[in-house]
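The values are calculated or read from the model by the stated rules, or taken from the named source; none is laboratory data. From a predicted model like this one, the values you see are computed outputs, not experimental measurements. Every residue, glycine as well, gets a Cβ built from its backbone with ideal geometry; the counts of neighbours run over all protein chains shown.
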Amino acid sequence: MNMIRTPDIYTEHFGLAQRPFSLVPDPEFLFWSPAHRGAFAMLQYGLMTRAPITLLTGEIGAGKTTLVHHFLATLDEDVTVGLIANARPDSTDVLRWVLPSLSVDVPRDADEAERFDRFQSFLIDEYGAGRRVVLVIDEAQNLSRAALEELRMLTNINTNKDELLQLVLVGQPELRDRVRAPDLIQFAQRVAANYHVPAMDGETVLRYIAHRLRVAGGKPGMFSRQAAEEVFRASGGVPRLVNQLCDLAMTYAFANGTAQVRRATVRQVLDDGAFFAAGRHGPTPTTPSEGPAQ
C-alpha cells in the first residue's frame, strides 16, 4: 500500500492533538504500570537513603530512560545531577567523562591524579553547601569491568558519615548479570537499591494503549480489544515495540479510511512485514467479534 510519511500523517483523521505512539521518549506520556511505580519508588528510596549505587535494569525499550528523566525532573535544587546519556565502553579513565557531566572544569592537560583531586574537592564543596551529588549513567551495560571498578572507587569518597557521591546505573538486563559476577563482588556489595522493569503483560498493554490514546486527545475505542491483544502478542509487551506497531497500525487504518484499528489492521501490518519485530507474532487466533481496548 502507498504510505504517506509525515509526522502527523493520521492525527487529523482520528481527531488527535498529537501522535500517541511516537518512539521519542516523552514524560508527558509516562504510563504508571505497577512495574514503573516500583522502579520510581526504588529510585526515590536510593536517593533518600543515600545508597552508594542504585541499579535500574530492563529490556530494551522498557521505558527506563523516560522514567529516569521524570525522576530527575522531580529532584529538589539541593541535588546536583550529572547525566551521562550513553556510557562509553572504551573508556579507561571515567573521570574524563564524569567531570564534564557535572560541569566541573579541569585543564585539558591535567593528569589522572589532578582530575581526582578536583573531583574530590568538588564533592566536598557540594557537601559543605548542603547539596548531594547524583551521577546517572544510562546504557551502563556498555561499561567495562575496569570502568565499573573505577566508579565503585569514586563512591568510596565519604565523610565517614555520609556518601558524597551516589551512582544511578541504568541499563539492559546484562548489566545486572555483569554486576553479579564473582570478580565484581565489591561493586555488588555497594548496590543498596535495585529494580528490574519487566515487559508488560497483556492487560497492562491494553491499559497502556488506552492511556496513550487519551493523552493524545483520543479515545481507547480507537483500538479494538482484539487489536490490542494482537499488538501484545507481536510486541511481547515491550513499550517501544508496542509504540512502533500501534503507530504503524494507525497509519494503515488511516490509509484504509477506517476510524478504528481492528485486529485485521494489525495483522495486515504484520503480514506486510512493515513491523520490524514481526517475527515475534504467532498464528492468528479465531475471534468472533471485537470490542474496544478498554
Exercise. If you check every pair at least six apart or on different chains, which have Cβ atoms under 8 Å apart with a residue in the range 93-109 that is over 21 Å from ARG132 (Cβ atoms) and surrounded by fewer than 15 Cβ atoms within 10 Å (Cβ to Cβ) first and a residue that is of a type outside the set (Val, Ile, Thr) and modelled with pLDDT under 90 second?
Worked result: ASP93/GLU112
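Examine the range 259-267 for a residue that is at pLDDT below 95 and not assigned by TED's automatic domain parsing to the domain that holds LEU148, and state whether such a residue exists. Walk me through how you get there before you give the answer.
So in the range 259-267, the residues at pLDDT below 95 come out as 259.
Cutting the leftovers down to not assigned by TED's automatic domain parsing to the domain that holds LEU148 gives us 259.
Yes, the range 259-267 has at least one match.
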Exercise. Which residues, counting only those in the range 48-68, are modelled with pLDDT under 90, in contact with a strand residue (DSSP E or B) (Cβ under 8 Å, 6 or more places away or on another chain) and of a type outside the set (Gly, Ala, Ser)?
Worked result: GLU59, THR65
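Mind telling me which of the residues PHE31, PHE71 ends up being at pLDDT 90 or above and in a helix (DSSP H, G or I)? Break it down stepwise before answering.
On the way: PHE31 fails: in a helix (DSSP H, G or I).
Selected residue: PHE71, the only one of PHE31, PHE71 that is at pLDDT 90 or above and in a helix (DSSP H, G or I).
Go through the range 120-136 and give me each residue that's crowded, with 18+ Cβ neighbours inside 10 Å and either modelled with pLDDT under 95 or hydroxyl-bearing (Ser, Thr, Tyr) (or both).
Across the range 120-136, the qualifying residues are TYR127, ARG132.
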Problem set entry | Number of positions in the range 178-190 that are without any contact (Cβ under 8 Å) to a residue 60 or more places away in the chain, touching a helix residue (DSSP H, G or I) at 6+ places or on another chain (Cβ under 8 Å) and part of a helix (DSSP H, G or I) | 5
Exercise. In this structure, does ALA227 turn out to be surrounded by 22 or more Cβ atoms within 10 Å (Cβ to Cβ), over 14 Å from PHE21 (Cα atoms), of a type outside the set (Val, Ile, Thr) and in contact with a strand residue (DSSP E or B) (Cβ under 6 Å, 6 or more places away or on another chain)?
Worked result: yes
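Can you pull out every residue in the range 132-177 that is among the charged types (D, E, K, R), assigned to a helix (DSSP H, G or I) and without any contact (Cβ under 8 Å) to a residue 24 or more places away in the chain?
Pass one, the range 132-177, residues among the charged types (D, E, K, R): 132, 138-139, 145, 149-150, 152, 161-163, 174, 176-177.
In the following step, the residues that additionally are assigned to a helix (DSSP H, G or I) were identified as 145, 149-150, 152, 174, 176-177.
Matches in the range 132-177: ASP177 only.
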Exercise. If you take the residues of the range 142-196 that are surrounded by fewer than 21 Cβ atoms within 10 Å (Cβ to Cβ) and of a type in the set (Val, Ile, Thr), which of them is modelled with the lowest pLDDT?
Worked result: THR159
